[in-house]
Each structure stands twice: as C-alpha cells, then as structure tokens.
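The values are calculated or read from the model by the stated rules, or taken from the named source; none is laboratory data. Note that this is a predicted model, so its numbers are computed, not measured. Please note: Cβ atoms are built from the backbone with ideal geometry, for glycine as well, and neighbour counts cover all protein chains shown. The protein model used for the area step is the full one, side chains on, heavy atoms only, and it has no ligands, DNA or RNA in it. Shrake-Rupley method; radii C 1.70, N 1.55, O 1.52, S 1.80 Å.
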Amino acid sequence: MKKASFALLLLAIVVALSACGAKKEENNANTGNTAAGNGSNAPQEVTLKVGATPVPHAEILNFIKPALKEKGINLEVIEFNDYVQPNTQLYEKQLDANFFQHTPYLDQFNKDKGYDLVNVAGIHIEPFGAYSKKVKSIDELTDGAKVVIPNDPSNGGRALALLAANNLIKMKDGVGVNGTVHDITENAKNLKITEVEAATLPRVLDEVDLALINTNYALEAELVPTKDALFIEGSDSPYVNILVARPDNKDSEAMKTLAAELQTPEVKKFIEDKYQGAIVPAFK
C-alpha cells in the first residue's frame, strides 16, 4: 500500500515538472528567447558600410548617423581618395553602398568594367569649376597656357564643355559633355591641355595656369568654389551626385531608409548652411 502511494506521488511530481517545462518553452517561444535565454523581440541592428570621398560626401553621411542609429541602422563610413576603389569594393561586396559619383561617371564605369551597379537616389550637385593661382581672369591666359583636366571620360568631357562654354575652345558639334581632346576644333590660345587623375588636380595647381577641378577635391584643398573659381557651372548642372548600390541590395529596407534620410529637409539645410552654394541639394 505504501509502495503504491509512493509511486502515485512520484508520478504526480513527474507530471508537474513536465507541465512546468512545457510552459517555459511556450513562454520562450512567445518572447523569442533562445535556449540560452538571451533573445528578445527588439529588432536587430543593421550595419551599412558606405564608401565615400571625404568632402562633402563623408561629411553628409556622418551628419545623418545619429538619425539612422535611432532607426536601427549602424552606418559605417569608409573614406576613399580615389574614384575607382569605392565602386570596385561595392561590386565585390566589401561595401554595401557608395556615395561619391554622378550618373555619367557610373554609367561609364559600369560599361568599362562590366559592372551593374545602380543609382539609388540623387542627393546633391557639385558645380564644376576652373581655378588658377597665376591669373585672375580668362583674359590673362597667355598663348600656350598650361591647362589640366580630369583624365576620366565623364569628368574630362565635362571640363572641356566648360572651357567651350567660356569661349576658350570650340568642340565638334553635338559632342556635348562626351567630347575628348580629339574633338577640339578651335583653340585660339593654343592651350596645352593635359589630362591627369582627378584627385591630383589641386596638387598641381601651382604648376599650371588653369586647373578644372571637381568640387569635392576643391573643397578638400580649402578652395571655395563660389569665391575662388574663375568660372563655374551653373546650379542647373545635370551631374547629380548619387547614392549607389548593387541590384541585390538596392531595395532592402536599410538602403531605402538610408536614401530617405539623405533627402530630408535637415540634410538640405545642412548642405545649404555648410557649403554656401558650392554644393546644391538636388532634391526639394
């Protein structure tokens, strides 16, 4: 009789323990806890690695870091001083996006490399300018003056178009910003035009009579485009600087959030206040 009572008591204890275990597993499942008990319902933070040239792109990205952090995105800004590695590393998935280039440059890069990088959003325009430490006006350029322009096709054509717009050269009809030095039809001042890597243009400014420099590199060299440029593109320039991603991640929620944050009124005001017309927002 005692044995039977003991057996019944033991059975009751086993049933009770099993019920408690089942209840605990149910609670864990409902709260998202792991077996170790350290899970939660909180969304996991997403990290986005974005390549950018230091000025102004990295500055703009760093400005929006706190806002993205509040939305669960940890933004890592990786700075580059060239126009090749940000695209190469994005294509190779070392980066999630980049922010440094305009659409004509991206199109040419994709064509040359066989890449398929895509435009996610247009952010700002950097009016292209011509600078000199030797002359203060176009009229002071002498016969045979040394002129340097970027050596990449899209920016080189843009520089030549700006020279033509200021009556320093004439280009073949219809070439527009796609022209090359071989498309020059008139060069009244016999300008000696040399193509060099865009990043080196500010460094050779002392050695030449005129340098046509991308605004991001001009700003890095502490040149003020609206004050220091002999002549500069208008704010209607078609060269909008864009956020770029890959086809596989361009539509991710994190990328959409990044793009939206780059086009807020706060960013517009930041650009206008900090760059004083040297950089123009490309969104309303």
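Summed over the residues of the range 143-195 and divided among them, the accessible surface reaches 50 Å² per residue at a probe radius of 1.4 Å.
Shown here is the pair-distance distribution of the range 159-256: with all Cα-Cα distances grouped in 5 Å bins from zero up to the longest one, the shares run 2, 10, 18, 19, 17, 13, 8, 6, 4, 2, 0 percent.
3J(HN,Hα) along the range 159-172: 5, 5, 5, 5, 4, 5, 5, 9, 6, 8, 9, 10, 10, 4 Hz, from the Karplus curve 6.51 cos²θ - 1.76 cosθ + 1.60 with θ = phi - 60°, whole Hz, x for Gly and Pro.
Over the range 48-102, one equal point on each Cα, no solvent: what is log10 I(q)/I(0) by the Debye formula at q = 0.17, 0.25 Å⁻¹? With one equal scatterer per Cα and no solvent, log10 I(q)/I(0) is -0.48, -0.93. Applying both filters, DSSP loop and at most 12 other Cβ atoms within 10 Å, to the trypsin sites (Lys or Arg not before Pro) of the range 62-161 gives Lys93, Lys136.
Rolling a 1.4 angstrom probe over the range 49-200 with all protein chains present gives an accessible area of which 45% lies on carbon and sulfur atoms. In summary, the lysines within cross-link reach of Lys192, defined as a Cα separation below 23 angstrom excluding same-chain residues under 8 places away, comprise Lys133, Lys134, Lys136, Lys146, Lys170, Lys172.
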